[in-house]
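> I have a structure here, written as C-alpha cells, and I will follow up with some questions on it.
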Amino acid sequence: MRVRRLSMLIALAPIACGGAAPPPVQNAVVTTMPAVTITATPSWDTSPVAMPANVGLVARVTNVSAAADKLSRWTRIPLSPLDALGNNRAARVVDLGKPVDIVVTIEERGRGKPKPTVAYSAAIRSLDEARAILSEKNELVNGENGALKIVPKKAAKPSQPQDRDGDGSPDVEDENDDDDRKCVLAPAFGPAAWRMVCAETDQALGKILPYMTRGVTRITADQDIHIEAYPAPLRKFLNAAHGEVSRDLARSGPGAQVLADLMAAYDPFELALDLDHATLDAKLGDAAGDASLSLVFREKQSGLTKAFASHPELAGPAPASFLRLPLDSDVAFYTHGFDATELDKARTLGGDALVLGLQGSSNALPPSDAQAIGNAFKNTVGSLSGQLVYARGVDVVQARAALSAFAAAKDDASKAKLGKAAIEQVAGWEIVGLEQPIAKVGPNVKEYATAFTRPGIVKWMKEDDSDPTMPVTTFKAGAAIAGLPADSLHFEATFFHAAEVPPPPPASNAKQKPIARAPKPPITTKLHVVVIADQGHTWIVDGMDLPTVTAKAKGLMPGAPDTTTLAKRADIEALRTRSSNAGGFFNIQGIGLDLPIAWANRTPAYELAGDDPLGGMTSPQQGATAVPFMFTETAPPAGMQGVLVLSARVPKEAVTDGISYGSKLF
C-alpha cells in the first residue's frame, strides 16, 4: 500500500490547503476480504498511556482541511491536502477533518549519533470503508488490541483499467503505492474511533502504537497547530557535542581562553541543556494567525538562559519612548532592560573577543589600536542597560521618485548626482533610544571618531581596502544642525568609491593610438549620525540624507506633536496594553531593505544597475503590514527555573506581502 504521500502531507500540514472532507467514495470495487474477526460490540483498551521517555517531538494539526483552506484563501494559492496524497488508497480512507498526529522518537545509532524515527497517524472515515479499500492490495492481519496490520499483497496489476473515484476516467496508479512504511488500523481514544498509524519499521510501530492511539490523542489544546518539543532524549548527544567543541577551543592556539570564556558564558549547548520543554501553538483566524512559543527551563546554567528568563518583574507595556518613534517605522522594538550581571559579562567578553579578532587576521591591527576599538565597544554595550528602543524606516514614495529620476538621467554627471540621491533615499533612517544621559553616550561616540584618526588604524584600513588607490573611510564631527538642542552632536562617516570609467574606445586603425581618459575623482557617500539629549535620555539618529535625519530627530523632541508617532498607530494596540519584557513589530519592507550604513558603503551606480532595490514597491501601503511580537518572562511552575514566551500575530495581508515582495527583496 502506498502511504508515503501521507507522511509528506502530514509534514506539510501547517502550510497545506484544502476544503471540507471529501464525499464518500463512489463505485468502490470491493474484493474478497481476508479473514478478519471483529466482534459486534468490541471493547478495545483505550486507557491512557504515558509518553515514552525517548519522545523528542509531538505535533498535532487539529483539522488539516480547515487550516489549509484558510491558508489557501490568504495566499491565493490553490492547495489541496487530498491532491497532495494523490490517487491512492490512503487518500480514500483518511479523514483530514480530524486531528493528524506526528511523533518523533530518538534512538542511538552507531558512534553515539542520534537517530530520529517518525511515526504519524490520521483518522479514518469508516472502518468498513477502509477495510474494503485497503484490502484491494493488502492483507489485514489481526494484531493486539484490535489492531489490523496492513500487509501488501504480492499480486499482479489488474489487466482492465478501473475507475474507483467515479470521475469517468481510468485511475492512474502510482508505482510507489506500495512502500516500506509499516501501517496499521487501530482503535483509538479521541474524536476518531479508528486511526491509521504508520512508522518506518515494524519494531518502531509496535513500540509507539499505544501512545499514538491512547496518549497523544488526549491532547486537548484548543489550537489549529500544537507542537511539543522535549530535549531530554538528546541530552546525551548534546553533552558529547559540547565537550567536543570545548576541546577544539582549548586547542585553538592564541586567544583560546577568551573564546573558551565566551563559549562558556553564552553556550547554545548549555541553553538547550537548560531547556525542559518547548510548546508551540498556532491558531488561524479569518484575518490573522496567532502563534505562541513557550520555553520552559529546568536549569539556568547558560548565560543566555539567565539573560532572557530571569526577570519577569521587569515586564510591562511598551515604554513611553517607544510610542514616540515615527509612525512610518518599518521595524521597531523595545526592551525593558537586561540582566545587569549578564550584560556586564557580555561587555567584557565581547570586547575581549573583538580585540582578539582584530589582532588575529593576516592584516593584524596593532595591539594598542585594537584595544582602543575594544574599549569603545565595551562602553557601547555598557550604555545598553535600562530601557532601549529602536526603529528604522524608508519613505517609499521619496525613494521611488529618486530612483525614477536616476533612471531618466541622460549623462554621466547627472547619473552620478542622481544616483547618490537615490541611494540616500533607499537607505532610509534609523533611531536608537537609550536610557542614558548624553554625558555618557556622547563621549562613547567620540571614541569611535578618535579611533578613526589613529595612524595605526588608518594604515590598517588602507592595507585592508580592496582598492588601495581610494582614501580610507573617515568618521569625524560635522556641522551643528539648526533647530536641535545646543548639546547635540553631529558626526559624518564618509566612504569613498571608485568612479566607473568606461574603457577607452578601440583605435580606428593600426596607426591611431587609443584615446586615453583621465581617471575620475572618487565618488563619496556619507552617513550622518546625530546624538540628541532628551531629559536625561539620549537619542541617536542616523541616515544618509541629512534633511531626513534632521526631520526625524526633531520629531523626537519634547513638545513635538504625537500625530506622526507610534502612539497613533492602531495595529500595535497589544504592545501598548499588554505586559512584556520586550516587543515590537516588523514588515516586509523593514526586514527586506538593508541598513543605512550598508548602503553608505556601496557604489551608487553599481548598486542601482541591477534589480530594483525596493522590490517593486511604489506606495507606503505596499509591503507595510505590521507583524507585532512580544517576549514575556513569566513566573515558572514548580520545579522549573524560568519561562520565556514569544508571541506573534501574523495578519493575512502580511503573508500576501511576503509572497508579493519577499522574493524580490531577499
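The values are calculated or read from the model by the stated rules, or taken from the named source; none is laboratory data. Keep in mind it's a predicted model, so treat the numbers as computed, not measured. All Cβ positions, glycine included, derive from the backbone under ideal geometry; neighbour counts span all protein chains shown. We work out accessible area using only protein heavy atoms, side chains counted, and drop any ligands, DNA or RNA first. Shrake-Rupley method; radii C 1.70, N 1.55, O 1.52, S 1.80 Å.
> Step by step: first the residues of region 572-586, then only those that are outside any strand (DSSP E or B) and in contact with a strand residue (DSSP E or B) (Cβ under 7 Å, 6 or more places away or on another chain), then the one that is nearest to LEU327 (Cα to Cα). Which residue is that?
Result: ILE572.
> Condition check: in contact (Cβ under 8 Å) with a residue 60 or more places away in the chain and under 16 Å from ASP95 (Cα atoms). Does GLY190 satisfy that?
Taking the combined requirement at face value, the residue satisfies it.
> Restricting region 604-654 to residues that are assigned to a strand (DSSP E or B) and of a type outside the set (A, V, I, L, M, F, W, C), which is surrounded by the fewest Cβ atoms within 10 Å (Cβ to Cβ)?
Selected residue: THR634.
> Go through (1) part of a loop (DSSP other than H, G, I, E, B); (2) crowded, with 17+ Cβ neighbours inside 10 Å and name the single condition THR220 misses.
For THR220, the exception is condition (2).
> Just give me the residues in region 474-496 being of a type in the set (Val, Ile, Thr) and without any contact (Cβ under 8 Å) to a residue 40 or more places away in the chain, in sequence order.
THR474, THR494
> Here is a further query. Does VAL472 satisfy the criteria of being among the aliphatic types (A, V, I, L, M), in contact with a strand residue (DSSP E or B) (Cβ under 9 Å, 6 or more places away or on another chain) and either open to solvent by less than 20 Å² (accessible area, probe 1.4 Å) or in a loop (DSSP other than H, G, I, E, B) (or both)?
Judged against the criteria, VAL472 is a match.
> Sticking with this structure for a sec: Are any of the residues in region 212-224 among the hydroxyl-bearing types (Ser, Thr, Tyr) and within 25 Å of GLY642 (Cα to Cα)?
yes
> Determine whether LEU234 is more than 29 Å from GLY357 (Cα to Cα), of a type outside the set (Gly, Ala, Ser) and at pLDDT 95 or above.
Judged against the criteria, LEU234 is not a match.
> How about region 399-432: which of its residues are surrounded by 24 or more Cβ atoms within 10 Å (Cβ to Cβ), touching a Lys or Arg at 6+ places or on another chain (Cβ under 8 Å) and small (Gly, Ala, Ser)?
Answer for region 399-432, where residues must be surrounded by 24 or more Cβ atoms within 10 Å (Cβ to Cβ), touching a Lys or Arg at 6+ places or on another chain (Cβ under 8 Å) and small (Gly, Ala, Ser): just GLY428.
> List the number of the failed condition for SER414; all other conditions in (1) in contact (Cβ under 8 Å) with a residue 12 or more places away in the chain; (2) over 16 Å from PHE496 (Cβ atoms) hold.
(1) is the only condition that SER414 fails.
> Continuing with this model, one more query. Could you list all residues from region 294-315 that are surrounded by fewer than 22 Cβ atoms within 10 Å (Cβ to Cβ), assigned to a loop (DSSP other than H, G, I, E, B) and not hydrophobic (A, V, I, L, M, F, W, C)?
Matches in region 294-315: ARG298, GLU299, LYS300, GLN301, SER310, HIS311.
> Can you tell me which residue is surrounded by the fewest Cβ atoms within 10 Å (Cβ to Cβ) among those in region 557-582 that are free of Cβ contacts under 8 Å to residues at least 40 places away in the same chain and under 18 Å from ASP290 (Cβ atoms)?
ALA570
> Can you tell me which residues in region 588-630 are touching a strand residue (DSSP E or B) at 6+ places or on another chain (Cβ under 7 Å) and under 17 Å from ILE572 (Cα atoms)?
Within region 588-630, GLY590, THR625, ALA626, VAL627, PRO628, PHE629, MET630 qualify.
> Return the pair list, or none, for Cβ contacts closer than 8 Å from residues in region 245-264 that are on the phi > 0 side of the Ramachandran plot to residues that are at pLDDT 75 or above and open to solvent by 80 Å² or more (accessible area, probe 1.4 Å), at least 6 apart or on different chains.
Correct list of pairs: empty, since none qualify.
> Could you count how many residues in region 426-439 are touching a residue at least 60 places away in the same chain (Cβ under 8 Å) and not in a strand (DSSP E or B)?
Looking only at that region, the number is 7.
> Against the condition surrounded by fewer than 20 Cβ atoms within 10 Å (Cβ to Cβ) and touching a helix residue (DSSP H, G or I) at 6+ places or on another chain (Cβ under 6 Å), how does GLY386 come out, does it pass?
No, not satisfied.
> Considering region 262-293 alone, what residues qualify as being assigned to a strand (DSSP E or B) and of a type in the set (Asp, Glu)?
Within region 262-293, ASP276, ASP281, ASP290 meet the criteria.
> Go through ALA318, ALA353, ALA364 for me and flag whichever is in a loop (DSSP other than H, G, I, E, B), aliphatic (A, V, I, L, M) and either open to solvent by 40 Å² or more (accessible area, probe 1.4 Å) or out of contact with any Ser or Thr (no Cβ under 9 Å at 6 or more places or on another chain) (or both).
The match here is ALA364.
> Among the numbered criteria (1) open to solvent by 30 Å² or more (accessible area, probe 1.4 Å); (2) in a strand (DSSP E or B); (3) in contact with a Ser or Thr (Cβ under 9 Å, 6 or more places away or on another chain); (4) not hydroxyl-bearing (Ser, Thr, Tyr), which single criterion is violated by HIS226?
Of the numbered conditions (1) open to solvent by 30 Å² or more (accessible area, probe 1.4 Å); (2) in a strand (DSSP E or B); (3) in contact with a Ser or Thr (Cβ under 9 Å, 6 or more places away or on another chain); (4) not hydroxyl-bearing (Ser, Thr, Tyr), the odd one out for HIS226 is (1).
> May I pose another question? For region 440-468, enumerate the residues that are in a loop (DSSP other than H, G, I, E, B) and more than 37 Å from the chain's Cα centre (by Cα).
Within region 440-468, THR453, ARG454, PRO468 meet the criteria.
> For region 260-268, check the following and say yes or no: at least one residue is at pLDDT 95 or above, buried (at least 16 other Cβ atoms within 10 Å of the Cβ), of a type outside the set (D, E, K, R) and within 30 Å of GLY56 (Cβ to Cβ).
no
> From (1) modelled with pLDDT of 90 or more; (2) within 30 Å of ILE523 (Cβ to Cβ), pick out the condition that doesn't hold for THR632.
Of the numbered conditions (1) modelled with pLDDT of 90 or more; (2) within 30 Å of ILE523 (Cβ to Cβ), the odd one out for THR632 is (2).
> On to the next question. When residues of region 475-493 are filtered for being surrounded by fewer than 16 Cβ atoms within 10 Å (Cβ to Cβ), within 39 Å of the chain's Cα centre (by Cα) and of a type outside the set (D, E, K, R), how many remain?
Final tally of qualifying residues: 1.
> Scan region 441-463 and report the pairs whose first residue is at negative phi and whose second residue is basic (Lys, Arg), with Cβ atoms within less than 8 Å and a gap of 6+ or a chain change.
From residues that are at negative phi, the pairs are ALA449/LYS476; PHE452/LYS476; THR453/LYS476.
> ALA372 - would you say it is small (Gly, Ala, Ser) and either under 17 Å from ASP612 (Cα atoms) or touching a Ser or Thr at 6+ places or on another chain (Cβ under 8 Å) (or both)?
Working: small (Gly, Ala, Ser): yes; either under 17 Å from ASP612 (Cα atoms) or touching a Ser or Thr at 6+ places or on another chain (Cβ under 8 Å) (or both): yes.
Considered against the rule, which asks whether it is small (Gly, Ala, Ser) and either under 17 Å from ASP612 (Cα atoms) or touching a Ser or Thr at 6+ places or on another chain (Cβ under 8 Å) (or both), ALA372 comes out as yes.
> Something else about it: Considering only region 523-541, state which residues are open to solvent by less than 20 Å² (accessible area, probe 1.4 Å) and not β-branched (Val, Ile, Thr).
LEU527, HIS528, ASP534, TRP539
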